[in-house]
Each structure stands twice: as structure tokens, then as C-alpha cells.
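The values are calculated or read from the model by the stated rules, or taken from the named source; none is laboratory data. These numbers were taken from a predicted model, which means no experiment stands behind them. Every residue, glycine among them, receives a Cβ derived from its backbone with ideal geometry; neighbour counts consider all protein chains shown.
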Amino acid sequence: MFDKQKKAMKFPGSKGEHQAQEEFGTTSRAIAFYNKQMLDYLNPLMQQFISTQEMVFIATSDASGSCDCSFRAGLPGFVRVLNDRVIAYPEYRGNGVMASIGNMMENPSIGMIFLDFFQSTVGLHVNGKVRIVENQELPNQLDMARAIMEDLQPTNGRYPERWVFVEVEEAYIHCSKHIPLLQKLDKEIHWGTDSTKHKSADFFKSKDCPRVWKEDE
């Protein structure tokens, strides 16, 4: 499914990342971080961490570099660890804009951050390359998808429309010092709803604001 050939590199990170380290005098700290904290796969503790998370923030960009940051959520472990180099998460019904998926169609790079606000206050960055997988493709990839087939049974409106498979290229900690410890309260989740009340869809009162594009009547 993914190219398993990985070229040897001196250090991970982008050219701009290394240039910034040199310019701002952080090269030695960065090298220590690369050597002590960053992996190109998910070790067992990282896998266990992901298997308990109920949310993840994702960042994508299109071919021109225009960016979008979004949020995904589900039951604990909704992001499935398929092996130490591949994870998969479901795309549930949304607003139909497809901003993230659209970016992925032009540019397969993704940045993800899992933040544990309720116990450890630790975060986990996972960066990699994506492949969009339709539900009907899953039976043909049982070696990759056996762990997620059970999610194809509709439950209270929660049903994956498709999946995003992510090949891990970087995995590293986001330290806990600035992540707040929050208290989790009960909230009824209305999966798949189009109710403006349940979605708080007009919270920002943007419906009647002017727009630069011509609205389709």
C-alpha cells in the first residue's frame, strides 16, 4: 500500500526547519530532540496512547500551500493503529465542504496532534502521508483493515463515509507544560445530525454577513 523504501537522512525535518534552527541558535537543542524524542514509527507506548484518544487535530494544505486545520473526534480509539507505521481514522458525515479531503487529493502530507487534556496532559505529533480509502475497498485490504471492519456497522448515526490511512513519517511528543488539565463532562453527541441547534451552526451569526463570492441561489 505504501512505499516501504525510506532513504537514509542526516536528520529529520524540512530545509526551512534546519535553516531556522541555525538562524535562531537552536540547532543543538533540535539535534538532541531528534535523537531522543523523534521516531519514524509508533513505538508501543505511542500506539497505546492513540488507542485511548477521543480527538485529534489535523493540518493539511493544497498543492499551492494554502492551509487548513481541522478537528476529528470519535469514541476512544476511533483512530485505529494498524501497525507501527500505519494508522487510520474514519471520515464521518460533515458539512460537505471536504476541505481536508480536498487538500489531501492535491497534497498527501498531513500533520496530526493528539492532546490528552484529561489525564497525562501530554501530546503526540504524527506527521505522514495519506491515502483515502473508500469503505468498499476495505474487504480487499483485510491485512490492513481487519481492525476497523467492525466500525462499518451503523451505530446511532455514527458511520464512516470513508477512511484516511496515514503512513507515519514522524512521531514525537508535545510536552505537557502548557497543556491544560481539563475536567471531562457528559455531553450527548448527535452523530450525523443536520440540526442547527445540536450543531450550534450559527454561533458566530455569519449567515447574513457579506461575502466576496457570488452565492448560488
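To keep it simple, each residue is scored yes or no on (1) surrounded by 14 or more Cβ atoms within 10 Å (Cβ to Cβ); (2) within 15 Å of the chain's Cα centre (by Cα).
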{"residue": "E17", "(1), (2)": "no, no"}
{"residue": "E23", "(1), (2)": "no, no"}
{"residue": "D40", "(1), (2)": "yes, no"}
{"residue": "F78", "(1), (2)": "yes, yes"}
{"residue": "N103", "(1), (2)": "yes, yes"}
{"residue": "I110", "(1), (2)": "yes, yes"}
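For segment 140-187, a residue qualifies if it is touching a helix residue (DSSP H, G or I) at 6+ places or on another chain (Cβ under 9 Å), at pLDDT below 95 and of a type in the set (A, V, I, L, M), and the qualifying residues are L142, M144, A145, I148, M149, L152. Counting residues in segment 188-199 that are part of a loop (DSSP other than H, G, I, E, B) and at pLDDT 85 or above gives one or more.
Yes or no, residue by residue, for (1) modelled with pLDDT of 95 or more; (2) touching a strand residue (DSSP E or B) at 6+ places or on another chain (Cβ under 6 Å); (3) surrounded by 14 or more Cβ atoms within 10 Å (Cβ to Cβ):
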position: M9; (1), (2), (3): no, no, no
position: S14; (1), (2), (3): no, no, no
position: A20; (1), (2), (3): yes, no, yes
position: L45; (1), (2), (3): yes, no, no
position: I50; (1), (2), (3): yes, yes, yes
position: C69; (1), (2), (3): yes, yes, no
position: R72; (1), (2), (3): yes, yes, yes
position: L75; (1), (2), (3): no, no, no
position: S100; (1), (2), (3): yes, yes, yes
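In a loop (DSSP other than H, G, I, E, B) and closer than 25 Å to P44 by Cα, is that true of L181? Yes.
Could you list, in sequence order, the residues of segment 31-74 that are of a type in the set (A, V, I, L, M, F, W, C), closer than 30 Å to G94 by Cβ and part of a loop (DSSP other than H, G, I, E, B)? Even if it seems obvious, please write down each step before you answer.
Initial filter on segment 31-74 (of a type in the set (A, V, I, L, M, F, W, C)): 31-33, 38-39, 42, 45-46, 49-50, 55-59, 63, 67, 69, 71, 73.
Applying the additional criterion that residues be closer than 30 Å to G94 by Cβ yields 42, 46, 49-50, 55-59, 63, 67, 69, 71, 73.
L42, A63 - these are the residues of segment 31-74 that are of a type in the set (A, V, I, L, M, F, W, C), closer than 30 Å to G94 by Cβ and part of a loop (DSSP other than H, G, I, E, B).
Of everything listed in (1) in a loop (DSSP other than H, G, I, E, B); (2) on the phi < 0 side of the Ramachandran plot, the single unmet condition for G96 is (2).
The requirement of being small (G, A, S) and surrounded by 20 or more Cβ atoms within 10 Å (Cβ to Cβ) is fulfilled somewhere in segment 124-147, by at least one residue.
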